[in-house]
Amino acid sequence: MEEDDRALSPEEMLRLIDNQDSAAVRRFVPDTSLLYLPWGLAWLVGFGTLFLHHGLSGRPYAPISIDVALAVLFGAMLLAGAVNAFVLWRTGNQVRGASQQRGMMYGLAWPTGFLTMSMIAERFAAQLPEAERNLLWASMSIMLVSVLYMAGAAVWHDRPMFAVGIWMAVLNAVGTAAGTGWHALLIAVGGGGGFIVVGLVFSRRVRW
């Protein structure tokens, strides 16, 4: 009893505070690595498949049809989106008030943005050849993702997230100017690979 009632030393108090802070972070802050790694893998595989279909000179590097390439890309993106939605939903259940409202509005911005983008792209895509049509969809999608990342960074004051948004915007602009095959390659390697690196860095921080 006396041992339980004794005053904690300064070192023990600091250790207790640190443990409580870590527990709060694990409970209320989403695992950032799970917000980057799924998208990194999805883009690396999806846009990598699209790159193999288009090639850099308009000649395919692998016998992959556009339907198969798009199915792989959209399937991978849906899976990544489902993982992100689950992570954010699980974290959001622990939060109330203004933070919950910000998260809800930001979450709704994604499907709303992609729905309106799809309607606009569909209006003009039919007038373009296949390669340019695919480039239109891909470039508009990445543009929307980069803008939403920068907006999310502004909401939560997240500098790494803002840097990722800028990086994606630059890759998207350069790839669009270079052509369909180059765009797919840059997004697969620079975008998907970059997301994987960022996710692994955050994962390492969480472990430590």
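The values are calculated or read from the model by the stated rules, or taken from the named source; none is laboratory data. Bear in mind that the values here come from a model prediction, so they are computed numbers and not experimental data. Cβ atoms come from the backbone with ideal geometry, glycine included; neighbour counts cover every protein chain shown. Each accessible area value is taken on the protein alone, full model and side chains, heavy atoms only, with ligands, DNA and RNA left out. Shrake-Rupley method; radii C 1.70, N 1.55, O 1.52, S 1.80 Å.
Odds and ends about this structure:
- Selection count where residues are surrounded by 11 or more Cβ atoms within 10 Å (Cβ to Cβ) and either modelled with pLDDT of 65 or more or small (Gly, Ala, Ser) (or both), scope region 91-104: 7
- Answer from Ala76, Ala42 - the residue that is modelled with pLDDT of 90 or more and touching a Gly at 6+ places or on another chain (Cβ under 6 Å): Ala76
- Selection from region 53-62 of residues that are surrounded by fewer than 20 Cβ atoms within 10 Å (Cβ to Cβ) and assigned to a helix (DSSP H, G or I): none
- Yes/no for Leu200 being among the hydrophobic types (A, V, I, L, M, F, W, C) and closer than 22 Å to Leu78 by Cβ: no
- Candidate set: region 132-190, residues that are β-branched (Val, Ile, Thr) and surrounded by 16 or more Cβ atoms within 10 Å (Cβ to Cβ); chosen: the one farthest from Phe74 (Cα to Cα): Val164
- Per the listing Thr112, Thr49, the residue uniquely modelled with pLDDT of 60 or more and open to solvent by 60 Å² or more (accessible area, probe 1.4 Å) is Thr112.
Yes/no matrix, rows are residues, columns are (1) out of contact with any helix residue (DSSP H, G or I) (no Cβ under 6 Å at 6 or more places or on another chain); (2) closer than 30 Å to Ser57 by Cα; (3) of a type in the set (Ser, Thr, Tyr):
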| residue | (1), (2), (3) |
| --- | --- |
| Phe124 | yes, yes, no |
| Leu128 | yes, yes, no |
| Arg133 | no, yes, no |
| Met150 | no, no, no |
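- For region 115-127, residues that are out of contact with any Lys or Arg (no Cβ under 7 Å at 6 or more places or on another chain) and surrounded by 14 or more Cβ atoms within 10 Å (Cβ to Cβ) total 3.
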